[in-house]
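Down below is the structure, laid out as structure tokens.
The values are calculated or read from the model by the stated rules, or taken from the named source; none is laboratory data. Quick caveat: nothing in here was measured; it's all calculated off a predicted structure. We place every Cβ from the backbone using ideal geometry, glycine too, and count neighbours over all the protein chains shown.
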Amino acid sequence: MTKTVRSLIFALMALTLVLAACAPAETPAPVVVEPTATEAPVVEPTAVPTEDAMAMYAPDAVSGDVVSAGSSTVFPLSERMAELFQQEGYAGNITVDSIGTGGGFERFCKGETDISNASRAIKDSEKEACAASGITPVEFRVGTDALAVVVSAQNDFVTNLTKEQLGKIYTGEYATWDQVDPSFPAEAILVYSPGADSGTFDYFVEAVVAPLTPNADGKADVALGEEALLGLEGAQFSEDDNVLVQGVEGSPYAIGYFGYAYFIENEGALKALTIEGVTPNQENVDNGTYPLARPLFIYSDAKIMTEKPQVAAFIYFYLTNLDDNIIDVGYFPAPAADLEAALAAWMEALGL
């Protein structure tokens, strides 16, 4: 605190005491010092935490370990943020495990992790599991992914699919490429997909498969969609996106889907298809025209963040350094309003 600020505070305190002495006893003047049992509470002019309050959350001011697990899609982003956090002076260990969104929530709700990475919002059933352990998930939107539908770079016949065509491939209605389009080869389609623990799988079923598996009322049925995809003969499933990359790039007749970052990392070996004629890129994500764009999240808990300042510090660093790094990783910024809401949720969780 500067000498000028100190002098101003002392002057205000002196003025407050004078006014308090002159005023009627039943209407004490407001003060700017910390409230006591008989003083009026201070009214804060802004919710923004002071520099002194934030100093304890600097990377070089915290110690202890941070354990993070979950989405394979969010994994590259969380891994990048962990590396940068340590470069800024954090001396503890940060573990980032890629086990799928569902697996991440399972561990988080058991109290085994501090942060859960997710490529979809938490389900009500997962919230209930967390509540049973005394954990209340706090959601932080960290970015947007353009789900990439990919084929091998060796594939020279398909460049675009509609969502309906894609859904028919992943329900088995189309088993060979010529069923998709008569001009395509009469070769079996080799299908690759994330496993059922993956948030990417959940999103794909809801957005692409379920509309083709209606219930008795004619409405898209996610459960029937999951059943259709998991029962697809010959389909290869893996929670490891790198396994999917290797499978798709190995055959001109293979197709798969995963987070955009994995496509960018393997762009020379893969080709991203346009969906409904729209290319997965930042412009089309920002303007809302790419049909398979989805939000990315991390979750924690207010008690965890309070008891482990290193967790709160890492999340704050994560949220305030996204714009400089998320595009490099291969994803796209979340809307400004969502990032502001994430920071507000962080402050509220810590009582700032």
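Taking the stated definitions as given, is residue 315 crowded, with 23+ Cβ neighbours inside 10 Å, at pLDDT 95 or above and not assigned by TED's automatic domain parsing to the domain that holds residue 85? Here the answer is no, as residue 315 does not meet what is asked. Scanning region 299-347 for residues that are charged (D, E, K, R), in a helix (DSSP H, G or I) and touching a residue at least 40 places away in the same chain (Cβ under 8 Å) yields 303, 328, 338. Here the helices (runs of 4 or more DSSP H) wholly within region 121-214 that include at least 1 residues being without any contact (Cβ under 8 Å) to a residue 24 or more places away in the chain, more than 27 Å from the chain's Cα centre (by Cα) and more than 28 Å from residue 110 (Cα to Cα) are 163-171, 177-180.
So, in region 193-231, how many residues would count as being of a type outside the set (Val, Ile, Thr), buried (at least 19 other Cβ atoms within 10 Å of the Cβ) and more than 23 Å from residue 145 (Cα to Cα)? Selection size over region 193-231: 3. Regarding residue 302, is this residue surrounded by fewer than 20 Cβ atoms within 10 Å (Cβ to Cβ), of a type in the set (Gly, Ala, Ser), assigned by TED's automatic domain parsing to the domain that holds residue 88 and modelled with pLDDT of 95 or more? For residue 302, the condition - surrounded by fewer than 20 Cβ atoms within 10 Å (Cβ to Cβ), of a type in the set (Gly, Ala, Ser), assigned by TED's automatic domain parsing to the domain that holds residue 88 and modelled with pLDDT of 95 or more - is met. Within region 280-298, the set of residues being within 25 Å of residue 123 (Cβ to Cβ), modelled with pLDDT of 95 or more and in a loop (DSSP other than H, G, I, E, B) comprises 290, 291, 292.
With the condition kept exactly as written, say whether any residue in region 248-271 is of a type in the set (A, V, I, L, M, F, W, C), touching a helix residue (DSSP H, G or I) at 6+ places or on another chain (Cβ under 7 Å) and without any contact (Cβ under 8 Å) to a residue 40 or more places away in the chain. No, because not a single residue in region 248-271 is of a type in the set (A, V, I, L, M, F, W, C), touching a helix residue (DSSP H, G or I) at 6+ places or on another chain (Cβ under 7 Å) and without any contact (Cβ under 8 Å) to a residue 40 or more places away in the chain. Residues of region 169-181 include none that is of a type in the set (D, E, K, R), modelled with pLDDT of 95 or more and under 24 Å from residue 71 (Cα atoms). Just to be sure I understand, how many residues within region 105-120 are crowded, with 21+ Cβ neighbours inside 10 Å and not in a loop (DSSP other than H, G, I, E, B)? So the count comes out to 7. Out of all the residues in region 85-104, is one or more among the polar types (S, T, N, Q), crowded, with 21+ Cβ neighbours inside 10 Å and within 22 Å of residue 306 (Cα to Cα)? No: region 85-104 contains no residue that is among the polar types (S, T, N, Q), crowded, with 21+ Cβ neighbours inside 10 Å and within 22 Å of residue 306 (Cα to Cα).
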